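Report on the following structure.
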Amino acid sequence: MSSIFLVADRDEHGEIAQSTLQAISAAKGLSSSSLTVVVVGDAPASALSLPVDKVVTVSPIDADDDGIYDQVTADLAEIVIKASPDVVMFSKTEFGSVVGARLAFRIDAAFAPDCIELSNETGTVRVTRPVYGGSALAEYEINSSPAVVSIRPGAFEPSTDTGSPTVEKLASALSVNRSVHVSDTVAEVREGVRLEDAKVVVSGGRGLGGPEPFSVLADLAGVLGGAVGASRAACDAGWIDHSHQVGLTGKSVSPDVYIAIGISGASQHMAGCSTSRTIVAINKDRDSNIFKEARFGVIGAWEKVLPSFLATVRDLKL
Ligand SMILES: Cc1cc2nc3c(=O)[nH]c(=O)nc-3n(C[C@H](O)[C@H](O)[C@H](O)COP(=O)(O)OP(=O)(O)OC[C@H]3O[C@@H](n4cnc5c(N)ncnc54)[C@H](O)[C@@H]3O)c2cc1C
């Protein structure tokens, strides 16, 4: 029986993020003796009713470490070494990707990022991860203890159960020298749902030809209650901020519906969205790889297809 530590992500209100509720579902699928959620900073209200055994809060000395996470990594390493859980889980968000990898390195453990399935019936942790841009699924058996893993957002339904965990507050005794000097920070401006939490993602690529069409994509996403994504080509061109990038070097998403517009479906892009439940493609090139991945496809220029698509969706929503 494993003891599991799950390091929580917070949403923009400081509450426990949807991705963490999904990771709780993943953790509940494992045979475990205890499930502890670790929260950096004070526990938000939503942490106090999580369906877990324990919530541990750790208040770092350098609370505002500008996204470098030196202090957080050091604090987590100390907690993990002391408690020696069998599994340490993160969500595959920016926080979980950076801190998960750094923590694993620091405690000399294996790190399996972006997992979509987990089990531990045989005593060791086995995980499944999409590889080769989602064209194949690879299974790994993790022999290190703890096993450090991150869970792909959307791969599990968020837990809706409630509980009354005990709460333990830990104060960091460590003072860490920053490894990086941050000269400037730019806040991400976002309206609507977080990309990782969205049930519908409307993504645009180089085929859009410029930044303006992204406002039409935002309209469509707005009507569908979704979020806007993008290929790296569109982000690199400066048409939309990199925080929208989906793929190998961007975000991983698993929405119910992923609408790819003017995106060729390169393996590096598919790495971030191939586990979507339904992929819909709009592309003018019938030989484009995206049509191999899509369940529904429209062969045509977005300029013609998108306005009537948006109008129809609006009509249906009325
Ligand atoms: C190490 C590495 C990491 C990478 N990481 C990522 C990543 O995280 N995410 C990512 O997306 N990419 C990533 N890439 C880049 C990736 O290889 C592709 O170059 C990129 O995804 C292409 O973006 P795209 O599909 O928008 O552009 P293109 O490949 O240029 O495709 C544009 C598509 O638009 C279609 N089109 C053109 N005009 C229209 C129109 N009017 N209407 C409809 N369709 C039209 C075309 O037919 C074409 O299929 C990475 C590459 C490397 C090497």
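In segment 233-259, which residues are more than 19 Å from R152 (Cα to Cα), within 12 Å of the ligand (Cβ to nearest atom) and among the charged types (D, E, K, R)? D236, the sole residue that qualifies.
Those residues that are of a type in the set (V, I, T) and more than 9 Å from the ligand (Cβ to nearest atom), I need them from segment 272-297; list them, please. T275, T278, I279, V280 - these are the residues of segment 272-297 that are of a type in the set (V, I, T) and more than 9 Å from the ligand (Cβ to nearest atom). State whether one or more residues within segment 106-114 are surrounded by fewer than 23 Cβ atoms within 10 Å (Cβ to Cβ) and in contact with a Gly (Cβ under 7 Å, 6 or more places away or on another chain). Yes, some residue in segment 106-114 is surrounded by fewer than 23 Cβ atoms within 10 Å (Cβ to Cβ) and in contact with a Gly (Cβ under 7 Å, 6 or more places away or on another chain).
When you look at G96, is it in a helix (DSSP H, G or I), under 18 Å from the mean Cα position of the chain (by Cα) and under 17 Å from V7 (Cβ atoms), yes or no? When the stated conditions are applied, G96 passes them.
So for segment 65-88 (the condition being among the hydroxyl-bearing types (S, T, Y) and in contact (Cβ under 8 Å) with a residue 40 or more places away in the chain), does at least one residue qualify?
For segment 65-88, residues among the hydroxyl-bearing types (S, T, Y) and in contact (Cβ under 8 Å) with a residue 40 or more places away in the chain: present.
Consider S2 carefully, then state whether it is within 17 Å of the chain's Cα centre (by Cα) and not acidic (D, E). Answer is no for this residue.
Here V56 fits the description: outside the structural domain of G250 (by TED's automatic domain parsing), crowded, with 16+ Cβ neighbours inside 10 Å and in a strand (DSSP E or B). Looking at this structure, is G262 farther than 21 Å from G96 by Cβ, within 11 Å of the ligand (Cβ to nearest atom) and not β-branched (V, I, T)? Criteria met by G262.
The values are calculated or read from the model by the stated rules, or taken from the named source; none is laboratory data. Remember, predicted model here, so these are calculated numbers, not experimental data. No Cβ is skipped: glycine too gets one built from the backbone with ideal geometry, and neighbour counts run over all protein chains shown.
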